[in-house]
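Since the structure comes first, as structure tokens, the remarks are kept for the end.
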Amino acid sequence: MGAEGKNSMQLILAIHAITSVQFGAQSGLSGARLTIHQDELRRLVLEDATFDSIDFEIARPGESLRAGPVFDIVEPRAKAPGGSPDWPGILGAPHTAGIGTTHVLRGVAVTALREESPGESRGASGYVLEMSGAAASGSHYATLNHLIIVPHSTAGMPAHVRQRAYRLAQLKVAVRLARAAMNVDPTSTEIFDTTVSAERAGLPCVAYVGQIFSRQRKPERDEGILYGADTDGMLPTVLHPNEWLDGAVVPSYHVSLGGAESYFYQNHPVIGALYRRHQAREINFAGTVATIASADNSDRERNTSCAASLVKWALGADAAVLTKFGGGVPASTTAAVATAV
């Protein structure tokens, strides 16, 4: 936990509520309407020779529309000058995320589809975006306006090259869209700060432990998950809650293996709930630990012990909330951390 004063780490989200998205001759934000210039975004994406061409579509709530297979879903966000960079470690240098002001296009998502070769990936199986019908009624994503990126990559590209290109293209597009709001007054603001003052001394300290990958499978080459690095040899790592919300963590290329979309991390429901309890002075939000589920027994014991130690001794927490990445090994690892904490 940070102390009062200069050690405080504060993230401000400048929220721009968007209810309408359309294509037009110039990108821009007018009230709650976002206009998107396709050619500008196409030029941005096609700077990468991985792609032969790119198509864009808009999916609106309630439309009779299904899109897939989905690679990832991202909320458009862009950092104001003076704070941490956009998507550090992926789009820029790996400086600490979660500091300064981030402009957010709330109500919008950039959704990238993936190309699949037969038998190449079970990660895409059944993972689709539904904008209407029974399935949509149970999904928050059906309430958003989606800019859908349909990639057409150069023939013969290895899967890991294509997938890294998807990620870079999607994040670049999301940032470019959000920059339209940079000089526009936000609809509202949200402040995230775990500063603890003297009058909070008696409150229970609660930490969060979140798995960001399962070693049931090896990461793809160039699969940056935490600040652009993969999880090979990763030990549990202490992160400020703001780092999760502001681009430090992205999902595996194969999100349907039990992980979450980037949009989920940007709007992390567990971290959000702990922040609300912190602001209501019910708890002190002690911080977070990012960890993985290990398939090897000795690695699992090492990571379990390390995660529990960070919660108890580094963060000084009285309790922890834990989430897992998939089932099987992730579930047993989570149970072991809970027992050790």
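The values are calculated or read from the model by the stated rules, or taken from the named source; none is laboratory data. Computed from a predicted model, the values in this text were never measured in an experiment. Because the Cβ atoms are built from the backbone with ideal geometry, glycine has one as well, and the counts that use them run over all protein chains shown. These accessible areas exclude ligands, DNA and RNA; they are computed on the full protein's heavy atoms, side chains included. Shrake-Rupley method; radii C 1.70, N 1.55, O 1.52, S 1.80 Å.
Couple of notes before you dig in:
- Taken together, the residues in the stretch 302-328 that are farther than 21 Å from P251 by Cα, surrounded by 14 or more Cβ atoms within 10 Å (Cβ to Cβ) and not β-branched (V, I, T) amount to 12.
- Qualifying residues in the stretch 61-81 (those that are of a type in the set (G, A, S) and within 21 Å of K172 (Cβ to Cβ)) - the one farthest from the chain's Cα centre (by Cα): A67
- The residues in the stretch 39-65 that are open to solvent by 70 Å² or more (accessible area, probe 1.4 Å) and either more than 15 Å from V150 (Cα to Cα) or at pLDDT below 95 (or both) can be counted, and the count is 4.
- Count of the stretch 267-290 residues which are open to solvent by less than 10 Å² (accessible area, probe 1.4 Å) and under 12 Å from the mean Cα position of the chain (by Cα): 1
- Every condition in (1) farther than 27 Å from F23 by Cα; (2) hydrophobic (A, V, I, L, M, F, W, C); (3) in contact (Cβ under 8 Å) with a residue 60 or more places away in the chain is met by A174 except one, and the failing one is (1).
- If you go through the stretch 186-201 and keep only what is open to solvent by 90 Å² or more (accessible area, probe 1.4 Å) and farther than 14 Å from R106 by Cβ, you end up with just E199.
- Residues considered: T237, T231. Of these, the only one that is hydroxyl-bearing (S, T, Y), modelled with pLDDT under 95 and open to solvent by less than 60 Å² (accessible area, probe 1.4 Å) is T231.
- Verdict on S30 being hydroxyl-bearing (S, T, Y) and touching a residue at least 12 places away in the same chain (Cβ under 8 Å): no
- From the list V249, V321, the one residue that fits, being under 11 Å from G210 (Cβ atoms) and within 17 Å of the chain's Cα centre (by Cα), is V249.
- Within the stretch 213-233, the residues that satisfy the criterion of being in contact with a strand residue (DSSP E or B) (Cβ under 9 Å, 6 or more places away or on another chain) and within 23 Å of T102 (Cα to Cα) are I225, L226, Y227, G228.
- Filter result for D222 (of a type in the set (D, E, K, R), touching a His at 6+ places or on another chain (Cβ under 8 Å) and either in a loop (DSSP other than H, G, I, E, B) or open to solvent by 40 Å² or more (accessible area, probe 1.4 Å) (or both)): yes
Listed here are the residues, each with its yes/no results for (1) aromatic (F, W, Y); (2) in contact (Cβ under 8 Å) with a residue 24 or more places away in the chain; (3) farther than 30 Å from A286 by Cβ.
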residue	(1), (2), (3)
P94	no, yes, no
V128	no, yes, yes
A134	no, no, yes
A159	no, yes, yes
A165	no, yes, yes
A180	no, yes, yes
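- Picking from residues in the stretch 162-204 that are under 22 Å from W244 (Cα atoms) and of a type in the set (S, T, Y), the one that is farthest from the chain's Cα centre (by Cα) is T195.
Condition check ((1) touching a Pro at 6+ places or on another chain (Cβ under 6 Å); (2) charged (D, E, K, R); (3) within 20 Å of F325 (Cα to Cα)) across all residues:
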| residue | (1), (2), (3) |
| --- | --- |
| S197 | no, no, no |
| G202 | no, no, no |
| G210 | no, no, yes |
| E223 | no, yes, yes |
| D232 | no, yes, yes |
